[in-house]
Amino acid sequence: MPELPEAETIVRGLRPAITGRRIERVEVPKPDVLREGRRSFSAKVRGRTIGSVERRAKNVLIVLDRGRRIAVNLGMTGQLLPFPRPPRGRRRPTHPAVRFRFDDGSLLVFNDTRRFGTVECLDPEEWSEREARFGPEPLDPAYAPSQLAAALGTSRAPIRSWLLDQRRIAGIGNIYAAEALFLSGIHPERPARSIDLEEATRLHGSIRMVLEDAIDEGGTTIRDYRNAIGGEGGYARLLFVYGRQGRPCRRCGAPIERLVISNRSAFFCPTCQPPRRP
DNA sequence: AGTGTATCCTGCAGGC
DNA sequence: TGCCTGCAGGATACAC
């Protein structure tokens with residue numbers, strides 16, 4: 001589910017709702033989303049105050065005092081839903097996995113139907129170790145086209161798989177990989193190393209454009225994604241290829257095709273994204 | 001080393 | 001209506 005734009009949207013919505021709150025109590029109805037026992041997790045976060053809310057890759061980071069942080073990976077269906085006190089007629093979460101209760105009576109629920117998501121509490125050293133495993137942030141102003149071109153290097157992996165690898169570039173998932181490849185006219189099965197500097201430069205620009213536009217739209221809601229106030233994102237109506245197999249390409253009219261790469265659907269336009277460069 | 005596959009889990013859509 | 005299959009925005013342990 002949530003990729004960089006969805007995580008970013010959640011972070012922006014969460015920030016004003018929970019910053020400065022003190023965690024009074026933790027309830028864990030679905031302990032399998034934790035990577036440790038619920039008792040030790042609770043002990044680490046109880047009594048701590050939330051200093052800020054940040055994002056790295058697709059992760060939402062709730063930064064506590066002393067540099068400790070709660071790292072939330074939303075998986076496919078994870079949602080972070082803050083509830084004010086009183087919870088003004090909001091629908092109750094369907095699959096609450098973790099509940100944080102704050103000193104002012106408000107509440108933050110990690111809701112996750114499929115429970116592919118994780119909630120962890122990391123010390124500063126644990127986080128920097130984790131952090132180092134992620135590739136560059138594509139929206140970092142310092143991330144240059146030449147850096148992408150160089151990183152594609154000698155990899156024989158299909159470019160679609162390459163883009164999904166969080167160690168190579170952070171935050172891209174199946175939707176935005178498909179859209180960025182469409183916008184840059186690159187077939188998803190092209191080996192990463194076959195992409196030349198000119199194409200890499202186009203891809204770099206497309207990745208940024210897609211992610212920025214999606215953030216502006218508050219993310220893409222296919223089914224489960226919701227922002228921090230339970231609302232849907234607006235980017236689904238702007239998709240060119242993702243989930244549109246059989247429907248006409250918005251640019252050339254040819255039917256969008258679907259193929260499977262590494263067990264996951266890849267969507268592309270056969271004429272706008274030829275398999276090899278002419 | 002660097003890829004692809006199978007797996008975790010639930011819900012939904014479509015075919016019969 | 002109900003049963004079955006396939007599919008889903010992610011990440012990772014494993015086999016080759």
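Against the conditions (1) within 16 Å of DNA strand B (Cβ to nearest atom); (2) under 25 Å from A:Ser155 (Cβ atoms); (3) in contact with a strand residue (DSSP E or B) (Cβ under 7 Å, 6 or more places away or on another chain); (4) outside any loop (DSSP other than H, G, I, E, B), where does A:Phe267 fall short? Just the number, please. With respect to (1) within 16 Å of DNA strand B (Cβ to nearest atom); (2) under 25 Å from A:Ser155 (Cβ atoms); (3) in contact with a strand residue (DSSP E or B) (Cβ under 7 Å, 6 or more places away or on another chain); (4) outside any loop (DSSP other than H, G, I, E, B), A:Phe267 is out only on (1).
Residues in segment A:61-89 that are among the polar types (S, T, N, Q) and under 19 Å from A:Cys121 (Cα atoms): A:Asn73, A:Gln79.
Do the conditions hold for A:Gly230, that is, is it within 14 Å of DNA strand B (Cβ to nearest atom), assigned to a loop (DSSP other than H, G, I, E, B) and farther than 19 Å from A:Trp162 by Cα? Judged against the criteria, A:Gly230 is not a match. Every condition in (1) within 13 Å of DNA strand B (Cβ to nearest atom); (2) within 30 Å of A:Arg12 (Cβ to Cβ) is met by A:Leu238 except one, and the failing one is (1). Here A:Gly51 fulfils each of the conditions (1) under 24 Å from A:Arg223 (Cα atoms); (2) touching a Leu at 6+ places or on another chain (Cβ under 8 Å); (3) not in a loop (DSSP other than H, G, I, E, B) apart from (1). Considered as a group, the residues in segment A:177-208 that are at negative phi, not basic (Lys, Arg) and not in a helix (DSSP H, G or I) include one that is farthest from the chain's Cα centre (by Cα), and that residue is A:Asp196.
The rows are residues; the columns are (1) in contact with a Cys (Cβ under 6 Å, 6 or more places away or on another chain); (2) over 20 Å from A:Gln79 (Cβ atoms); (3) surrounded by 14 or more Cβ atoms within 10 Å (Cβ to Cβ).
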residue: A:Gly20; (1), (2), (3): no, yes, no
residue: A:Val28; (1), (2), (3): no, no, yes
residue: A:Val33; (1), (2), (3): no, no, yes
residue: A:Val45; (1), (2), (3): yes, no, yes
residue: A:Arg48; (1), (2), (3): no, yes, yes
residue: A:Ile62; (1), (2), (3): no, no, yes
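Scanning segment A:66-111 for residues that are polar (S, T, N, Q) and out of contact with any His (no Cβ under 6 Å at 6 or more places or on another chain) returns A:Asn73, A:Thr77, A:Gln79, A:Thr94, A:Ser106.
The numbers here are math on the coordinates, done by the rules we state, and not lab data. Being a predicted model, the structure only gives us computed values, none of them experimental. Positions of Cβ are generated from backbone atoms using ideal geometry, with glycine treated the same way; all protein chains shown enter the neighbour counts.
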